[in-house]
1. Consider residue 124 carefully, then state whether it is surrounded by 18 or more Cβ atoms within 10 Å (Cβ to Cβ) and either outside the structural domain of residue 91 (by TED's automatic domain parsing) or within 18 Å of the chain's Cα centre (by Cα) (or both).
2. Provide a single number: the residues in region 127-146 that are surrounded by fewer than 21 Cβ atoms within 10 Å (Cβ to Cβ), touching a helix residue (DSSP H, G or I) at 6+ places or on another chain (Cβ under 8 Å) and assigned to a loop (DSSP other than H, G, I, E, B).
3. Does region 59-79 contain at least one residue that is part of a helix (DSSP H, G or I), at pLDDT 90 or above and touching a strand residue (DSSP E or B) at 6+ places or on another chain (Cβ under 8 Å)?
4. Is it the case that region 79-89 has a residue that's surrounded by 13 or more Cβ atoms within 10 Å (Cβ to Cβ), out of contact with any helix residue (DSSP H, G or I) (no Cβ under 8 Å at 6 or more places or on another chain) and under 19 Å from residue 182 (Cα atoms)?
5. Condition check: within 30 Å of residue 165 (Cβ to Cβ), surrounded by 13 or more Cβ atoms within 10 Å (Cβ to Cβ) and not assigned by TED's automatic domain parsing to the domain that holds residue 141. Does residue 93 satisfy that?
6. Of 37, 13, which residue is more than 30 Å from residue 174 (Cα to Cα) and either out of contact with any helix residue (DSSP H, G or I) (no Cβ under 7 Å at 6 or more places or on another chain) or outside any loop (DSSP other than H, G, I, E, B) (or both)?
7. Answer yes if at least one residue in region 147-155 is on the phi < 0 side of the Ramachandran plot, in a helix (DSSP H, G or I), crowded, with 16+ Cβ neighbours inside 10 Å and touching a residue at least 12 places away in the same chain (Cβ under 8 Å), and no otherwise.
């Protein structure tokens, strides 16, 4: 943390300088607000930016607190258990739809359900087990499609629709379960 202040409207704000950042980024966390500041920007300009975004920060802060509270009620998932279930289902879906992937890893992440590397290694969030089976399959197939199409272009969505006909609906439904990531 480069600089931390207690803001009268939103609580703790942590300003962090980052050489790779190209713009100011505000991330609302349950305990504080993180502001990533490009090296070339002054702290004063970052503080002014935060002051302009106070309403947005307050709104998101409330949402984060609600999501955090909801997530505390979720049962604990054992990583071994998640690995067993998710690896098995991924293999079944890959075989059923003729997808090839390299390795699979199971992680405990706070921001994403899954990812697929350029080398077709698939990473899955163990918290997927909090979701209905239909959404688990959607995410697994989403990552499997990335073994063929490496981005979220129109081609990607067309390919995904061939294995998940209601992919866009499923993608929207997933937003209802955001609290499971906390």
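The values are calculated or read from the model by the stated rules, or taken from the named source; none is laboratory data. Just so it is clear, the model here is predicted, and its values are computed rather than measured. Reconstructed Cβ throughout: ideal geometry from the backbone, glycine too, with neighbour counts over all protein chains shown.
1. Details: surrounded by 18 or more Cβ atoms within 10 Å (Cβ to Cβ): yes; either outside the structural domain of residue 91 (by TED's automatic domain parsing) or within 18 Å of the chain's Cα centre (by Cα) (or both): yes.
Yes, satisfied.
2. 1
3. Yes, the conditions are met somewhere in region 59-79.
4. no
5. Numbers: within 30 Å of residue 165 (Cβ to Cβ): yes; surrounded by 13 or more Cβ atoms within 10 Å (Cβ to Cβ): yes; not assigned by TED's automatic domain parsing to the domain that holds residue 141: no.
For residue 93, the condition - within 30 Å of residue 165 (Cβ to Cβ), surrounded by 13 or more Cβ atoms within 10 Å (Cβ to Cβ) and not assigned by TED's automatic domain parsing to the domain that holds residue 141 - is not met.
6. Details: 13 fails: more than 30 Å from residue 174 (Cα to Cα).
The match here is 37.
7. Narrowing region 147-155 to residues on the phi < 0 side of the Ramachandran plot: 147-155.
Still in the running and in a helix (DSSP H, G or I): 154-155.
When the remaining residues are screened for being crowded, with 16+ Cβ neighbours inside 10 Å, the result is none.
Among the residues of region 147-155, not one is on the phi < 0 side of the Ramachandran plot, in a helix (DSSP H, G or I), crowded, with 16+ Cβ neighbours inside 10 Å and touching a residue at least 12 places away in the same chain (Cβ under 8 Å), which makes the answer no.
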